[in-house]
Amino acid sequence: MMNDLHPPVLAIDVGGTKLAAGILASDDLMHSRAEVPTLAAEGAPAILGRIVGLAKDVIASSPEKPVAVGVASAGQIEPLSGDVIFATDNLPGWTGLGLGRRLAEALDLSVFVENDVNAFALAEAQLGAGRGYRHQLLVAVGTGVGGGIIVDGRLYSGHMGRGGEIGHVCVVQGGRPCTCGQIGCLESYVGTRVMLPDSGYTSLRELAHHYLAGETIPAVDEATLWLGRGLAIAAHLLGPEVLLVGGSIGLLGERYLSDVRRSYEIAAMKSYRNIPILPTQLGADSGLLGGGVYARQRLRD
Ligand SMILES: [Zn+2]
C-alpha cells in the first residue's frame with residue numbers, strides 16, 4: 001500500500017561530471033540507482049537526452065512506479081517553473097533552459113526542480129543530520145561554497161531561488177576577487193578552489209592525510225577562521241537551531257569542524273554560541289535524496 005507521506009518518486013541529480021537517478025521508494029531508501037557521465041561539453045540538448053534515457057531506464061527497472069520527479073541541479077533554479085535562471089560553464093547551455101517543463105514533457109510526470117545545495121539541505125533536514133531540528137542552515141564546502149536554509153522544516157529558497165548564497169557574503173573588504181565578480185566573498189577564502197593551491201597540496205585527499213596527522217596548514221586555519229565568522233553572520237540573521245557543514249571538506253573531519261566552532265564562538269553573540277555545528281550524514285547520494293525529498297514536499301503543497 002502506498003504511504004501518502006512517502007510516495008515513490010523518481011530522483012535525479014544533475015552535476016557537472018555525472019548524472020544520477022533512482023527511485024526514492026516508500027521505505028525512504030534509494031532503489032534502482034544508476035548513473036552516467038554528464039559529458040557536459042556536448043551541451044544542453046545532449047545532457048537532457050541522457051537524463052531522459054537514464055530516467056526511463058530507472059523507472060523501467062523499479063518495482064515501485066514514481067508518482068512525480070524531483071530534480072536537484074547545479075545552478076540558480078526558479079522553483080515554481082523549474083527554469084534554470086543561471087548556471088556556470090560547468091553546464092554549458094544550462095542557463096535559460098526550461099528544465100522542469102522539458103523533463104515533464106519527456107517523462108509525462110510532474111517534475112519539480114531545485115538547486116542541488118538546497119536539495120541537499122532538505123535531504124539532511126529530513127533524513128540526515130538535521131532530523132529533529134526545525135530551523136537550520138547547511139553550508140556545503142567544496143570547490144565553491146553554497147548554502148541551504150530550512151525554516152520550520154521546509155526549504156526556503158528565496159525569490160527566484162536566490163536564497164542561501166552564503167558563499168558570496170562579503171567577509172573581507174577589499175579582499176580577494178571571487179569567481180562571481182565580487183571582492184572578498186566567503187567562498188574565496190573557504191572554497192577548495194582557493195584553499196588547496198594556497199595549502200601547497202595538489203589534492204584534498206593528500207591535504208586531509210597531513211592535516212589529520214596533526215600538521216599545521218595555514219591555508220586551512222585561514223579557511224576555518226572565515227567559515228566560523230561566516231556562520232556567525234548567518235546565525236545572527238537566520239536564528240537556526242543547528243548549523244550543518246557538508247561537501248567534500250568533510251574529508252578534513254572533526255579537527256576542521258572544531259576549528260570552525262572555535263572561530264564561530266568568538267564571532268557569535270553569547271546566546272548564539274551553543275548552536276551545534278554538525279557534519280552532514282548523507283554522503284555522495286545527498287543530491288539524489290534531496291531531489292526525491294523535494295518532490296515529496298511539493299506534492300504535499
Ligand atoms: Zn562571490
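The values are calculated or read from the model by the stated rules, or taken from the named source; none is laboratory data. If you're wondering where the values come from, they're calculated on a predicted model, not measured in any experiment. Positions of Cβ are backbone-derived with ideal geometry, glycine not excepted, and every protein chain shown enters the neighbour counts. Ligands, DNA and RNA are excluded from the accessible area calculation, which covers all protein heavy atoms including side chains. Shrake-Rupley method; radii C 1.70, N 1.55, O 1.52, S 1.80 Å.
Around the Cα centre of the chain, unit charges on the Cβ atoms of Lys, Arg, Asp and Glu (plus for the first two, minus for the last two) sum to a dipole of about 380 debye. Note on surface exposure: Thr224, Thr17 rank Thr17, Thr224 by accessible area, highest first, 1.4 Å probe.
Using a probe of 1.4 angstrom and keeping all protein chains present, the accessible surface of region 130-281 works out to 48 square angstrom per residue.
Using C-alpha pairs under 8 Å with a sequence gap of at least 6, the mean separation divided by the residue count of region 130-281 gives a relative contact order of 24 percent. Computed from Cα atoms, the angle from the helix 253-267 axis to the main principal axis of the chain rounds to 60 degrees. Taking the protein heavy atoms of the chain in the context of the full set of protein chains, the accessible area attributed to carbon and sulfur is 55 percent at 1.4 Å. When you count the other C-beta atoms within 10 angstrom of each residue and take the mean per peptide, 91-102, 135-146, 269-280 line up highest first as 135-146, 91-102, 269-280. Rg over Rh for the chain works out to 0.97, using Cα positions for both radii and the Kirkwood form for Rh. Helix 218-238 axis versus longest C-alpha principal axis of the chain: approximately 70°, rounded to the nearest ten. Rolling a 1.4 Å probe across all protein chains gives Lys65 an accessible area of roughly 110 Å². The Rg/Rh ratio of region 1-128, with Rg taken over Cα atoms and Rh as the Kirkwood radius over Cα pairs, comes to 0.95.
Phe86 contributes an accessible area of around 110 Å² to the protein surface, as traced by a 1.4 Å probe with all chains present. Using only Cα atoms, find the angle between the long axis of helix 116-127 and the longest principal axis of the chain, and express it within 0 to 90 degrees, rounded to the nearest 10. Long axis of 116-127 versus the principal axis of the chain: about 90 degrees. Antiparallel beta bridges, as assigned by DSSP with both residues in the chain, represent about 60 percent of the total such bridges.
Percent of Cα-Cα pairs per 10 Å bin, from 0 to the last occupied bin, for region 99-225, please list those. Result, from short to long distances: 12, 31, 32, 20, 5, 1 percent.
The residue among Ser271, Leu227, Val190 whose Cα reaches farthest toward the positive pole of the charge dipole of region 130-281, with charges on the beta-carbon of Lys, Arg, Asp and Glu, is Ser271. Within a straight-line Cα-Cα reach of under 21 Å, Lys65 can be paired with the following lysines, leaving aside sequence neighbours fewer than 8 residues apart in one chain: Lys56.
Derived value for region 180-280: Kirkwood hydrodynamic radius 14.0 Å. Basis is the mean of 1/r over every pair of different alpha-carbon atoms.
With the charge dipole of the chain set up from +1 on Lys and Arg Cβ and -1 on Asp and Glu Cβ about the Cα centre, the Cα lying farthest toward the positive end among the listed residues Val52, Ala20, Ala119 is that of Ala119. Please report the spacing between the Cα centers of region 236-261 and region 9-62 in Å, no decimals. Computed from Cα coordinates, the inter-centre distance equals 29 Å.
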